[in-house]
Amino acid sequence: MLLEFIATIAMGFGVAGVILLINLITRGMLPRWSMPAGVGLGMLAFTIWSEYSWLPRTVDAMPDTVEVISTNETTAFYRPWTYVAPLTTRFRAIEHGAAMTHPEHPDVVLARVLLMGRWERSYDIRVLVDCAAGRRADLLEGMEFGADGGLEGAQWRDVPEDDEILGAVCNGE
């Protein structure tokens, strides 16, 4: 967040320099209000660009094995442009390269779910997905894998067929 603040201030200085150059070339023909208005608009435009480009920049920085399965879009009164185009502030992703199965339980997949948020702490959660039964369990403390690869102490939850995690892990969607 601090780096974005510094970048926004730098954008303001850059726009001020361009306006000074234009004023120099036109021999002072620009009105006096053009400097603060231009700097303000430039900083606002950079901030909006930074907010809307956060998701693509974050996803592009991840390995190709990561798939975004859901996003959270928000609107806010202090960002009136978000009523026209909602802003994505969080997303969930599956890392397909980290999926594992046990030979004795081929329908049960251990998957890595990434929970990412703008200006928030990221979470890396391990989830067991039973593709045959349509259920899943989060790996928590106190759970253990048995000798046969089964999970002991799990709290399985039935999930609907259109669950994003179930679909991404079992169908590769």
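Taken together, the values in this text are just the output of simple stated rules run on the coordinates, not laboratory data. These figures come from a predicted structure and were not determined experimentally. Cβ atoms come from the backbone with ideal geometry, glycine included; neighbour counts cover every protein chain shown.
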Quiz prompt | Rg ratio (alpha-carbon, reference 2.2 N^0.38 Å) - region 2-52 | solution = 1.23
Practice problem: Give me the number: length gained by fully extending Ala37 to Asp124, i.e. 0.36 nm times residue separation minus the C-alpha to C-alpha distance, one decimal in nm. | Solution: 27.0 nm
Quiz item: How far is it, in nm, from the label point at Ala99 to the one at Glu161 when both lie 7 Å from their Cα along the line to the Cβ?
Solution: 1.9 nm
Self-check item: In degrees, nearest ten, helix 2-25 long axis to first principal axis of the chain (Cα)
Solution: 30 degrees
Quiz item: Which listed residue (Leu110, Leu21, Leu166) has the Cα farthest towards the positive end of the charge dipole for the chain, taking +1 on Lys and Arg C-beta and -1 on Asp and Glu C-beta about the Cα centre?
Solution: Leu21
Quiz item: Taking Cα atoms, how many degrees apart are the long axis of helix 34-52 and the longest axis of the chain, rounded to 10 and kept between 0 and 90?
Solution: 10 degrees
Practice problem: Please grab the % of Cα pairs in the chain that end up more than 27 Å from each other. | Solution: 48 percent
Quiz item: What is the distance, in nm, between label points placed 7 Å from the Cα along the Cα-to-Cβ direction at Tyr52 and at Ala7?
Solution: 1.6 nm
Quiz item: In debye, nearest 20: dipole of the chain around its Cα centre with unit charges on the Cβ of K, R (+) and D, E (-)?
Solution: 1640 debye
Quiz item: For region 45-114, what are the per-bin percents of Cα-Cα distances with bins 10 Å wide, up to the bin holding the maximum?
Solution: 18, 37, 24, 14, 7, 1
Practice problem: Based solely on C-alpha atoms, express the radius of gyration and the Dmax of region 58-97 in angstrom. | Solution: 13.1, 40
